[in-house]
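Structure first, then comments.
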Amino acid sequence: MTTENNKWPTYKDHLNKTYLEELAHKLWVTKGTRFTASQRLLTMNDLSNKSLGFLSAYMIIFSLLSVYQIQGTQLVNSNAVAFGSTALSILILVFTQMEGAEDFKMRAHALHQCALKISVLHDRIRSFKSLGKDIEDKKFDFCQNLSQEYQKILLEYPNHDSIDFDLFRIRHKQYYELGPWGVSNIWVRYYIRTKALYHVLITLPIPISIYLFFY
């Protein structure tokens, strides 16, 4: 028994137990990961809207430079301002189309609904386990039915990304035996995957404008 228990790390100890325990673990992980994925997509939706708002504001301000005949360095003349305004308009249009195709809000809602349904299954399995010895002869049928419902739910909804599972692991870092380096690595990948592009789009035009008009 000792050898068998040492077969897996602590966070995979469910693999040493019954199928009921393994199924309960799957439900717990998938539920938490889908909730995490929903929150990540809502964050991306919010940042996407903000970046489009800032880019639109930059375009309007850039267009007003030619209206009020504001001149900067030799690199910035009326033709450059007109070209920059037109180019920025096209880029905003393309970016808007690409972001709209991502449909962050709808995907977040779908993953949230998926997590809620899996949460119901997880509650059922916890209630079933609390019945004690009276459930021994009913375990097989219960697991079979619950597993089929679980697979059906997974087929109805989009899958989460690997970064969502990593974020779930951070929330339970002691269980998954994550050290400071592992946690930091996940946060960096999460930032690059989720926020970096939008932060660049929001902030980068400001130093570029300052350089062109004042240096």
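The values are calculated or read from the model by the stated rules, or taken from the named source; none is laboratory data. Everything numeric in this text was worked out from a predicted model, so none of it was measured. Glycine gets a Cβ as well: all are built from the backbone with ideal geometry, and neighbour counts include every protein chain shown.
Going through region 185-215 one residue at a time, which ones are in contact with a Phe, Trp or Tyr (Cβ under 9 Å, 6 or more places away or on another chain) and loosely packed, with under 15 Cβ neighbours inside 10 Å?
199, 203, 206
Could you look through region 111-136, keep only residues that are crowded, with 16+ Cβ neighbours inside 10 Å and of a type in the set (Gly, Ala, Ser), and pick out the one that is nearest to the chain's Cα centre (by Cα)?
Among residues in region 111-136 that are crowded, with 16+ Cβ neighbours inside 10 Å and of a type in the set (Gly, Ala, Ser), the one nearest to the chain's Cα centre (by Cα) is 115.
Return the residues of region 105-133 that are free of Cβ contacts under 8 Å to residues at least 60 places away in the same chain and under 10 Å from residue 24 (Cα atoms); say none if nothing qualifies.
Of everything in region 105-133, those that are free of Cβ contacts under 8 Å to residues at least 60 places away in the same chain and under 10 Å from residue 24 (Cα atoms) turn out to be 123, 124.
Considering only residues that are under 14 Å from residue 26 (Cβ atoms) and either in contact with a helix residue (DSSP H, G or I) (Cβ under 8 Å, 6 or more places away or on another chain) or modelled with pLDDT under 95 (or both), which ones fall in region 149-193?
149, 150, 153, 154, 160, 165, 168 - these are the residues of region 149-193 that are under 14 Å from residue 26 (Cβ atoms) and either in contact with a helix residue (DSSP H, G or I) (Cβ under 8 Å, 6 or more places away or on another chain) or modelled with pLDDT under 95 (or both).
Considering only residues that are modelled with pLDDT of 90 or more and either exposed (fewer than 11 other Cβ atoms within 10 Å of the Cβ) or not in a helix (DSSP H, G or I) (or both), which ones fall in region 74-104?
90, 93, 94, 97, 98, 101, 103 - these are the residues of region 74-104 that are modelled with pLDDT of 90 or more and either exposed (fewer than 11 other Cβ atoms within 10 Å of the Cβ) or not in a helix (DSSP H, G or I) (or both).
Check region 162-184 and report whether any residue there is surrounded by fewer than 15 Cβ atoms within 10 Å (Cβ to Cβ) and under 20 Å from residue 46 (Cβ atoms).
No, region 162-184 has no match at all.
Please work out if residue 147 is out of contact with any Phe, Trp or Tyr (no Cβ under 7 Å at 6 or more places or on another chain), in a helix (DSSP H, G or I) and in contact (Cβ under 8 Å) with a residue 12 or more places away in the chain.
yes
Within the bounds of region 137-144, is there any residue that is under 30 Å from the mean Cα position of the chain (by Cα) and either within 17 Å of residue 22 (Cα to Cα) or surrounded by 11 or more Cβ atoms within 10 Å (Cβ to Cβ) (or both)?
No, every residue in region 137-144 fails to be under 30 Å from the mean Cα position of the chain (by Cα) and either within 17 Å of residue 22 (Cα to Cα) or surrounded by 11 or more Cβ atoms within 10 Å (Cβ to Cβ) (or both).
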